[in-house]
Amino acid sequence: MLELDFHPTGRHFLQIPGPSPVPDRILRAMSLPTIDHRGPEFGALGRKVLADIQRIFQTRHPVIIYPASGTGAWEAALANVLSPGDTVLMYETGHFASLWQRLATRLGLKTEFLALPGAEHGVPASWRRGVQADLIEARLKADTQHAIKAVCVVHNETSTGVTSNIAAVRRAIDAAKHPALLMVDSISGLASAEYRHDAWGVDVTVSGSQKGLMLPPGMSFNALSPKAIEASRTAKLPKAFWAWDEIIEMNKSGYWPYTPNTNLLYGLSEACDMLLDERHGGLEGTFARHQRWGEGVRAAVRAWGLEIQCADASVYSPVLTGVIMPEGVDADAVRKLIHERFDCSLGTGLGKVKGRMFRIGHLGDCNDLTLMGALAGCEMGLKLAGVRLAGSGVQAAMDFFAGHPAPQSLQRAA
Ligand SMILES: Cc1ncc(COP(=O)(O)O)c(C=O)c1O
């Protein structure tokens, strides 16, 4: 028999930037008996979660819920609005932007991949800063024939700990007077970092369950705009399971055209109740909590004398922090040691930064002391691995958290 709970005592420190630790409240909600997905109770559940999730995306328009990982929702977003051979303008912020670009190519789209040239500390410059909206504006202005059908960017680049200014990308498209759709991956940003689908003029937002929504993996989303729905009526890429039209129609009564993942929907309902709870500041309170945790973790990294991967303070991720290792130190060896000695999982460096950095997640079921535990694990592990530290990051983070109390109303929420 496979043993799933193999940690001898205490809680495993799951400090990767997703899947994130799931609050007990959500685990309990998901343990309820599975019900008839065509029955009356299910319709009420469906209508509730569909309304709640619109509030999380901050949209008045339909949000599609798929029983799939985020990669499925990436494909769905492109397949619904584009036709074979269409050109899409994408931007290389890191590994996930690169994977979305590869997926678009495999679907038969032509992709242009913008990036900043050069490298800093052995890390591509484009992987240390957010999307440069002026590069997008210049490229769109040059596209006088409007061959580019969509601009695709990642809001919170999980491989680097860098966010992008989505409102600035919208302004760039408008300044170029270009009709391209704006498509955004907020798989790891939603429900942790500020995100406003309607106000920022996004046409399709892609997201997933296993990050800020604090759910297990297995559910993903497309939030739509009227312009995206209009485009889906004439788009020619093949789609059947992913097609929005039948789902939107059945969602009106709270049902789906296929069997939805019932128990994850119980979890989603509970997660939305937690995230939207005004006693804990609602969504704004959620964003503020993650900002503060990010600041505490960055205080630790600075005190260690290590380099934060995000090189632009205006776009630090509130979801995770990327830590660059000194030249000659294998970040994965450090991670392995921390895992073996202190039962703490940290995010690996992905793609072009493999071995150069590791990632500390500050999302999901988390609080000041969870983070202090994780930072203590990091500090002990770094020292054991022979990394020379300038000072104590643990002390710096303790000073930060003690000196910057969360507003009373935010203290008791996940
Ligand atoms: C920003 C981003 N985009 C896309 C994905 C892919 O999602 P999934 O692994 O759920 O398919 C991830 C997963 O970590 C991600 O962080």
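Any read-out appearing in this document is the output of simple, stated calculations on the displayed coordinates, not a laboratory observation. Note that the coordinates shown come from a computational prediction; the quantities given were computed from them, not determined experimentally. Because the Cβ atoms are built from the backbone with ideal geometry, glycine has one as well, and the counts that use them run over all protein chains shown.
Data overview
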| item | result |
| --- | --- |
| At most 12 other Cβ within 10 Å, DSSP loop - trypsin sites (Lys or Arg not before Pro), the range 104-189 | LYS177 |
| Two-site label geometry, ASP330 and ASP174: point separation in nm, points 7 Å out along Cα→Cβ | 5.1 nm |
| Backbone N under 15 Å from the SER83 label point (7 Å along Cα→Cβ), restricted to the range 222-256 | 230-239 |
| Share of pairwise Cα separations in the range 186-318, more than 27 Å, in percent | 34 percent |
| Share of alpha-carbon pairs per 10 Å distance bin for the chain, given as whole % | 5, 22, 31, 26, 13, 3, 0 |
| In order through the range 345-352: 3J(HN,Hα) via Karplus (6.51 cos²θ - 1.76 cosθ + 1.60), integer Hz, x for Gly, Pro | 8, 10, x, 6, x, 10, x, 5 |
| Radius of gyration and maximum dimension Dmax of the range 164-258, Cα, Å | 14.7, 42 |
| Label point distance in nm, GLU112-ASP273, each placed 7 Å from Cα along Cα→Cβ | 4.9 nm |
| Net lengthening on full extension, SER345/ASP312 (0.36 nm per residue, minus Cα-Cα) | 9.3 nm |
| Qualifying chymotrypsin sites (Phe, Trp or Tyr not before Pro) for the range 252-343 [loop in DSSP, other Cβ within 10 Å: at most 12] | TYR258 |
| Amide H partners (placed H, <5 Å) of LEU237, local residues excluded | LEU82, SER83 |
| Sequence ranges 207-213, 233-239, ranked by mean other-Cβ count within 10 angstrom, highest first | 207-213, 233-239 |
| Partners for LYS141 among lysines (Cα-Cα distance below 29 Å; same-chain residues under 8 apart left out) | LYS110, LYS149, LYS177, LYS227, LYS236 |
| Protection proxy ranking of 116-122, 195-201 - average other beta-carbon atoms within 10 Å, highest first | 195-201, 116-122 |
